[in-house]
1. Restricting segment 25-82 to residues that are part of a strand (DSSP E or B), under 24 Å from Ala185 (Cα atoms) and not aliphatic (A, V, I, L, M), which is farthest from the chain's Cα centre (by Cα)?
2. Assess whether Lys287 counts as being surrounded by fewer than 16 Cβ atoms within 10 Å (Cβ to Cβ), on the phi > 0 side of the Ramachandran plot and not assigned by TED's automatic domain parsing to the domain that holds Lys227.
3. Test of understanding: among Ser288, Ser311, Ser281, which residue is over 30 Å from Gly91 (Cβ atoms), in contact with a strand residue (DSSP E or B) (Cβ under 9 Å, 6 or more places away or on another chain) and either without any contact (Cβ under 8 Å) to a residue 40 or more places away in the chain or not charged (D, E, K, R) (or both)?
4. Count, please, the residues in segment 84-114 that happen to be in contact with a strand residue (DSSP E or B) (Cβ under 6 Å, 6 or more places away or on another chain) and either hydroxyl-bearing (Ser, Thr, Tyr) or not assigned by TED's automatic domain parsing to the domain that holds Asn173 (or both).
5. Within segment 34-43, is even one residue of a type in the set (Phe, Trp, Tyr), assigned by TED's automatic domain parsing to the domain that holds Ile202 and either crowded, with 22+ Cβ neighbours inside 10 Å or over 18 Å from Glu222 (Cβ atoms) (or both)?
6. Arg187 versus (1) over 15 Å from the mean Cα position of the chain (by Cα); (2) surrounded by 14 or more Cβ atoms within 10 Å (Cβ to Cβ): which is the lone unmet condition?
Amino acid sequence: MIFTPTTIKQLLKKKFTTPKWLVENLIPQAGATILSGQPASFKTWVTLHLTSCIVQGLPLFNEFKTIQKNVLLINEEDHESQLQERFAKLGNINPKSQLYILPRASFTVDNSEHMDWLIGYIDDKKIKVVIIDSLVRVHSKDENNSREMAEFFRSISKLTKLGVAVIITHHHNKSLHSINNQGQALRGSTDILAAIDCHLIIKKNGKDSATITQSKIRINKEIDPFKINVQDRKDGIKLLFQRALSSAEEIETMILNKLKAGAVAQSEIVDELNILYGKNSIGNAIKSLEQEKSITISREERGKKILSLTSNKADF
């Protein structure tokens with residue numbers, strides 16, 4: 001292999017196109033994106049809704065513009081019957097859409113024959129977006145091994161170098177409850193977060209609501225977290241943008257998510273959040289949650305304040 005370095009003069013003279021969005025302000029057309037969350041966090045519904053919107057050029061959550069692209073959905077989680085039922089419930093998929101589905105085929109990224117097939121299929125069907133559900137099902141690597149995860153994403157880069165956007169679902173680390181670095185919530189090696197271009201976190205707020213946070217995006221500044229409604233209506237499941245979160249609401253949401261793991265000292269929460277927010281804002285959020293009876297504040301010896309979820313607010 002022959003390498004050809006670029007001089008600084010050549011680099012400064014190069015003209016680059018403006019970064020393009022697959023989903024406006026959320027997902028870039030080029031590169032790898034991970035959509036992550038805990039089990040039962042609406043991750044599957046969001047993924048299928050995203051698939052349906054991209055392949056038809058429809059706005060995601062009826063809010064974010066998409067660019068219509070041919071899509072291959074590699075789904076190693078669900079049977080065909082489950083996918084049929086869920087797409088039917090979403091209700092807006094055009095049967096003539098250029099959506100190709102590979103369900104439970106035991107496809108793996110680290111199998112060279114599988115990747116050769118995939119690259120050929122992408123070329124044949126003019127695929128521009130590959131959606132993989134989920135990361136754990138499409139490799140035989142150790143997720144906690146940085147070298148092995150680097151090898152996995154080198155394989156994924158074979159697709160992104162073709163101009164294909166790759167979107168992968170992944171799970172969160174159950175033992176990690178930090179609220180000041182949401183990107184580190186991804187299960188496995190930190191190389192996973194380092195390798196991707198965009199990271200979207202979905203957190204369930206209750207039976208019909210979720211918050212989506214863009215914890216990483218290489219080509220732009222992260223947008224504010226926002227809420228979506230998941231409506232189970234007679235005409236099917238609808239995922240709709242609700243509104244962006246204010247700073248105060250964002251702090252409150254972080255505190256409530258932190259307390260899901262159990263009672264925590266107020267001083268610990270303030271120390272963690274103080275990296276992102278002022279102490280007055282954090283204090284006001286705690287006071288507001290207490291007034292709403294979402295949290296309870298108790299005192300230990302020497303006056304140490306302990307925060308916990310109010311029992312009837314455990315599923316927010």
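The values are calculated or read from the model by the stated rules, or taken from the named source; none is laboratory data. Because the structure is predicted, anything quoted here is derived from the model rather than measured. Counting neighbours? That spans all protein chains shown, and the Cβs are built from the backbone with ideal geometry, glycine included.
1. The qualifying residue farthest from the chain's Cα centre (by Cα) is Asn75.
2. Details: surrounded by fewer than 16 Cβ atoms within 10 Å (Cβ to Cβ): yes; on the phi > 0 side of the Ramachandran plot: no; not assigned by TED's automatic domain parsing to the domain that holds Lys227: yes.
No; evaluated as a whole, the condition is false for this residue.
3. On the way: Ser288 fails: in contact with a strand residue (DSSP E or B) (Cβ under 9 Å, 6 or more places away or on another chain); Ser281 fails: in contact with a strand residue (DSSP E or B) (Cβ under 9 Å, 6 or more places away or on another chain).
None of the other options fit; the residue is Ser311.
4. If we filter segment 84-114 for residues that are in contact with a strand residue (DSSP E or B) (Cβ under 6 Å, 6 or more places away or on another chain), which is where we start, we get 89-91, 99-103, 107.
Imposing the further condition that a residue be either hydroxyl-bearing (Ser, Thr, Tyr) or not assigned by TED's automatic domain parsing to the domain that holds Asn173 (or both) reduces the set to 100.
Residues meeting the conditions: 1.
5. Within segment 34-43, the first condition is being of a type in the set (Phe, Trp, Tyr), and the residues that meet it are 42.
Subsequent filtering for residues that are assigned by TED's automatic domain parsing to the domain that holds Ile202 retains 42.
Applying the additional criterion that residues be either crowded, with 22+ Cβ neighbours inside 10 Å or over 18 Å from Glu222 (Cβ atoms) (or both) yields 42.
Scanning segment 34-43 turns up at least one residue that is of a type in the set (Phe, Trp, Tyr), assigned by TED's automatic domain parsing to the domain that holds Ile202 and either crowded, with 22+ Cβ neighbours inside 10 Å or over 18 Å from Glu222 (Cβ atoms) (or both).
6. Result: Arg187 passes all but (1).
Listed here are the residues, each with its yes/no results for (1) within 23 Å of the chain's Cα centre (by Cα); (2) in a strand (DSSP E or B); (3) at pLDDT 90 or above.
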residue	(1), (2), (3)
Ala261	yes, no, no
Glu268	no, no, yes
Ile275	yes, no, no
Gly283	no, no, yes
Ser288	no, no, yes
Ser298	no, yes, yes
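Conditions (1) aliphatic (A, V, I, L, M); (2) modelled with pLDDT of 95 or more, marked per residue:
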position	(1), (2)
Ala165	yes, yes
His171	no, no
Asn205	no, no
Ile212	yes, no
